[in-house]
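Quick note: the coordinates plus some simple rules give every number you see, no bench work behind them. None of the values given here were measured: they were computed from a predicted structure. Virtual Cβ from ideal backbone geometry, glycine too; neighbours counted across all protein chains shown.
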Amino acid sequence: MDALVPLLVVVPLATAFAVVALANLPGLARGKSEGGDRLAGAAEPSRHRALSLLVCAAVLANLIISLVLLRADVGKIYVGGWTPIKALGIELVCDGLAKLMVVIINLVALVSIIFSWSYMQRFTKVWLFEALFLLMTGAMNGVVLAGDLFNMYVFLEIAAISSYALVAFGCEAEELEAAFKYLILGTVGSAFILVGVTILYALTGHLNMAKVHELLPVVGQTSPAVLLAAAALLGGLALKAAMVPFHAWLPDAHPSAPAPISAMLSGVLIKASGVYALARIVFNVLGPSSEYAAILSVLGVVSMVVGMFLALGQQDFKRLLAYSSISQAGYIVLAFGVAAHLLVTGGDRSIAALCVFGGLFHLFNHAAFKSLLFLSSGSIEQQAGTRMLKEMGGLTRRMPVTSFCCRIGALSIAGVPPFNGFFSKLIIIIALALAGQLILAGIAAGVAVGTLLMYVKVQRYALEGEPTGAAISAREAPVMMCVALVLLAVVCVAAGLALLPLRDMVFGPAEDVLLGSAGNLTGGVTP
Amino acid sequence: MGIAIYILTFALLLIGLYGVIAKRNVIKIILGVLIIDYAVNMLLVLIGYRRDGVAPIVSADEDVKKWAAASVDPLPQAMVLTSIVIGLGLAALMVAMAIRLYQKYGTFDMNEIRRLKG
Amino acid sequence: MKQQHGMTSIVKNTARLVSGFIAIFGVYVALTGHLGPGGGFAGGVIVSSAGALIVLAFGRRLATKVITDEVVHVADALGASLFLLIAVLGFLTGAFFASFIPVGDLGHLKSAGTIPLSNLAILVKVGAGLLGAFLALSAFRLAGKEPSS
């Protein structure tokens, strides 16, 4: 069973390289024009369908492996068989939190790749898209599985670089501008993460996360050097998680990307490389302290409020969804911040567990319903030809399946029972109130009302009313796109109904990892 | 002497950051990002330094223990190799995007490349 | 630029003679990566510079008849797959990425387990990858006659 864990990273990477090799075998691509450029395989649809099938199979295999690992008894995997005498080797850590994140990543990746079967037919060089997509998926799996700081940084960079290229995939003017801005800001953030890792290595002499956590109290947890490292790390990771004031890249990058990439970026990338890494660093490496808890809470609250206000005035559907991603990510970071604060001040541990559960459940839910909303916006864009809310209308009759799933997604994110968003927001608000942070609970409730308003607006303009302009001739989206939407809608409904069993089986071990009751990154398995 | 060189490395980082924030030309912004990358690489190599150290290469007829007591730290050098490769990939991507931006917008001025608003 | 592609015949002949040796030097640097400085990445950069020399000397149109874009992509993917294969073959001896070749004596060419093989894989990948990036960037021309790729 230990052998399955590295496969989560190896399978997407190997398939990416296989796709590049198979799509470019010389002599099989026709339609060469002068100058050596050609639409590779434009005359070979069957070969490209076969490659797309291979890619779907690879991501499905990854999802199956991650579901199998969910109940398996794995802990630390020592790469290369280097025995853990002095923690000098590279470790892959598959504890409760990593198992949860891996399931989320692979699920959203599978749905996105099913959606892109039909959606990407408008582009040439689809093999390039699939290769980059697989690289991004494999790298995100690597981020959550990494057991030492530098490996996490390297996988973070691989995922980020593939996402820069994917945002610019369409090569239109606005996509390039958005991708360039995203690239510059993302690279500066990554450089600061590396500065933080460097300083931590200089202080403790180890890169292994568990070892750094052990050695940090010796150096002094609030010594100026550790604070500098923490500031650099938290700044860089907050940029990856699109927290205000580091959010400037997100409202341009997410709408400009093709729809499956927007779903991946908004649903998984800012979670896996941003929020997950923040939680890991603050809880498991640096150890929660009052400064870090305060920083997380402030970042969360400001992101929630600013994201909501900026989203309310948007006329572009995808831009509204992007701003609302900032707001929802703020919920998760706020929940983690308050949990850290409770751990530091010695408050009730079960309330901290409830906060962490709320944050993690909201992370899962947001991956599901935000991807659903972005994919349905892609359907609408392809069929009705527009992204502006005022130019849509009456899609309930024209595109029944898409609008039904979009309605489920909008109701989930707005927090309407019995969908999953209601439960996660309720848990966060109750946990904040129980922790004594009544002002924060009030703000969270207010932002929930604001989210409801913005999605009522979306439903009224996009789905109800009379069709205008190009929406008059809109027809239902192709089958594969609808299949992807229906899958995500089922997940949204099921996660809301299966709340309690999910908490026992899946979220409980993840909470224990963050709160430290199972002992630092081992998930209960003795090393 | 010890602290001054670290301060200079951070000064290099800040120079790169100034290039990214304050310059309008796309190429100068790219150069600023590259300077930030090189500054971080230099910081990584510097923390592995040991006074009067030797390079971390072991030849066949050398006593490993004596070498280990005198060599500089090899792990930051391995980290820097990876970081240089990452910087190379980023540089290629940035330059390709800059060329495409010039084809689409006709200018390298960041203030003109601003169609996305709100 | 006159009618002929690329540079003058002095440059072309020199490039033809020298680029083979540059490539061999790159392979040498990669193969002795476990004994001295260098290794796969440095060797790959040197090999790709040999390819870039050919492209610069002969002009892109002539050079891409020999070094096509497709060959570069396939070599790129093969190098990376070889590296992954070495990692997965480590399962034969127990763990992921474990060394399945016995670690020999210090300082010999045939030592250090799977590291020389990994260096060769990285050489192919980096050489092809950098050459591909060079070919892609050199496909842009000045405004007027751009074969956009």
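Some points to look at:
- Separation of the range A:251-269 and the range A:203-247, taken as the distance between their Cα centroids, equals 28 angstrom.
- Between B:I7 and C:Y28, the FRET efficiency from the beta-carbon distance, with R0 = 51 Å, is close to 0.80.
- Cα-based Rg of the range A:389-428 normalised by 2.2 N^0.38 Å, two decimals: 1.41
- Overall form of chain A per C-alpha gyration tensor (a/c, 1.5; a/b vs b/c): oblate
- For the range A:288-521, the fraction of C-alpha pairs more than 21 angstrom apart is 56%.
- Each Lys and Arg Cβ is given +1 and each Asp and Glu Cβ -1; about its Cα centre, the protein assembly as shown then shows a dipole of about 1740 debye.
- Each of A:E130, A:E511, A:E476 was scored by other Cβ atoms within 10 Å of its Cβ. Arranged with the fewest first, they read A:E476, A:E511, A:E130.
- Rounded to the nearest 20 debye, the dipole size of the range B:2-105 about its Cα centre is 680 debye, using +1 on the Cβ of Lys and Arg and -1 on the Cβ of Asp and Glu.
- Top positive-direction residue, dipole computed over chain B with Cβ charges, set B:I36, B:V95, B:I47: B:V95
- Just checking the listed ones, C:L78, C:L123, C:L131: in the Gaussian network model of chain C with Cα springs under 10 Å, the one fluctuating most is C:L78.
- By definition, a body whose alpha carbon gyration tensor gives a ≥ b ≥ c is prolate when a/c is 1.5 or more and a/b is larger than b/c, and the range A:117-259 fits this prolate description.
- The range A:219-281: relative contact order as a whole-number percent, Cα under 8 Å and 6+ apart: 39 percent
- In terms of other Cβ atoms within 10 Å, A:D316, C:D76 run from fewest to most in the order A:D316, C:D76.
- Value of [θ]222 nm, deg cm²/dmol, for the protein assembly as shown, DSSP H segments ≥ 4, -39500 (n - 2.57) each, nearest 500: -22500 deg cm²/dmol
- Cα long-axis angle, helix C:69-89 against chain C (0 to 90 degrees, to the nearest 10): 10 degrees
- The range C:9-137: C-alpha gyration tensor shape, a/c 1.5 cut-off, then a/b vs b/c: oblate
- Arranged from fewest to most other beta-carbon atoms within 10 Å of their beta carbon, A:Y276, A:Y182 become A:Y182, A:Y276.
- Projecting the Cα atoms of A:L515, A:G186, A:P224 onto the charge dipole of chain A, computed from C-beta unit charges around the Cα centre, puts A:G186 farthest toward the positive end.
- Cα-based helix-to-principal-axis angle, C:40-58 vs chain C, degrees rounded to 10: 20 degrees
- Amide H to amide H distances under 5 Å link B:N25 with B:M110, where only residues 5 or more positions off or on other chains count and H is placed in the peptide plane.
- Cβ-derived FRET efficiency at R0 56 Å, C:R16 paired with A:Q221, nearest 0.05: 0.35
- What you get for the range C:9-137, charging only the Cβ of Lys and Arg (+1) and of Asp and Glu (-1), is a dipole of about 420 debye around the Cα centre.
- Globularity index of the range B:65-118 is 2.07 (Cα radius of gyration / 2.2 N^0.38 Å, N = number of residues).
- Eigen-decomposition of the gyration tensor built on the alpha-carbon atoms of the range B:2-105 gives equivalent ellipsoid semi-axes of 37, 17, 6 angstrom, largest listed first.
- Peptides C:51-58, A:92-99 ranked from most to least packed give A:92-99, C:51-58, packing being the mean of other C-beta atoms within 10 angstrom over each peptide's residues.
- Counting only residues at least eight positions apart within a chain, or on another chain, the lysines with an alpha carbon under 26 Å from that of A:K125 are A:K32, A:K181, A:K318, B:K104, C:K65, C:K125, C:K145.
- In nm, spacing of pseudo-spin labels at A:C171 and A:A72 (7 Å Cα→C-beta vector): 4.1 nm
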